[in-house]
């Protein structure tokens, strides 16, 4: 189950079905936000509503709504899944509405998730990747402590190849810097 996490500026909480409309408006329909992701922009609010319902109903998932603490504004999402080829390796993924870029919110959210996974879930290592054409995402990872390991070819859900850069972070390495 997804626990509620707090940072100085954010609340990371489980999604609720009602988040779908705001998700669509803030990030899921924006081609600028989704251009480096595996999925295409949502075509209508119903698509975002269905995803919010799915995330809200899945009690095994770790998928958080990123909410600004001062006003409750839904800003994006962050989640983790076990790697397909290595279930001991967990992989964070994230998305943030364009209005919130460049303010350190995603670094703050990723750091909270990393800390939570290492401290409370027995995770020993995390792997992340980003589209090679999106170095800003790599900077978020590096600020949290991830380090680059190699280039890899991923694929969008429609099969389109997506050159990516892979990163790793070990629990001991992360905790030693706290």
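For segment 102-109, does any single residue satisfy the condition of being under 26 Å from residue 155 (Cβ atoms) and either in a loop (DSSP other than H, G, I, E, B) or in contact (Cβ under 8 Å) with a residue 12 or more places away in the chain (or both)? The answer is yes, given that some residue of segment 102-109 is under 26 Å from residue 155 (Cβ atoms) and either in a loop (DSSP other than H, G, I, E, B) or in contact (Cβ under 8 Å) with a residue 12 or more places away in the chain (or both). Of the residues making up segment 58-96, those that are closer than 21 Å to residue 127 by Cα and not in a strand (DSSP E or B) are 60, 61, 84, 85. Taking residue 113 as the residue in question, decide whether it is under 12 Å from the mean Cα position of the chain (by Cα), buried (at least 18 other Cβ atoms within 10 Å of the Cβ) and within 20 Å of residue 39 (Cα to Cα). When the stated conditions are applied, residue 113 does not pass them. When restricted to residues that are surrounded by fewer than 17 Cβ atoms within 10 Å (Cβ to Cβ) and within 18 Å of residue 97 (Cβ to Cβ), segment 58-68 contains 1. Can you tell me which residue within segment 17-57, out of those that are touching a strand residue (DSSP E or B) at 6+ places or on another chain (Cβ under 8 Å) and assigned to a loop (DSSP other than H, G, I, E, B), is surrounded by the fewest Cβ atoms within 10 Å (Cβ to Cβ)? Ranking the candidates gives 38 first.
The set of residues in segment 119-144 that are at pLDDT below 95, touching a helix residue (DSSP H, G or I) at 6+ places or on another chain (Cβ under 9 Å) and part of a helix (DSSP H, G or I) contains only 119.
The values are calculated or read from the model by the stated rules, or taken from the named source; none is laboratory data. As the structure is a computational prediction, the values presented were derived from the model and not from experiment. Cβ coordinates were reconstructed from backbone atoms using ideal geometry, including for glycine residues, and neighbour counts include every protein chain displayed.
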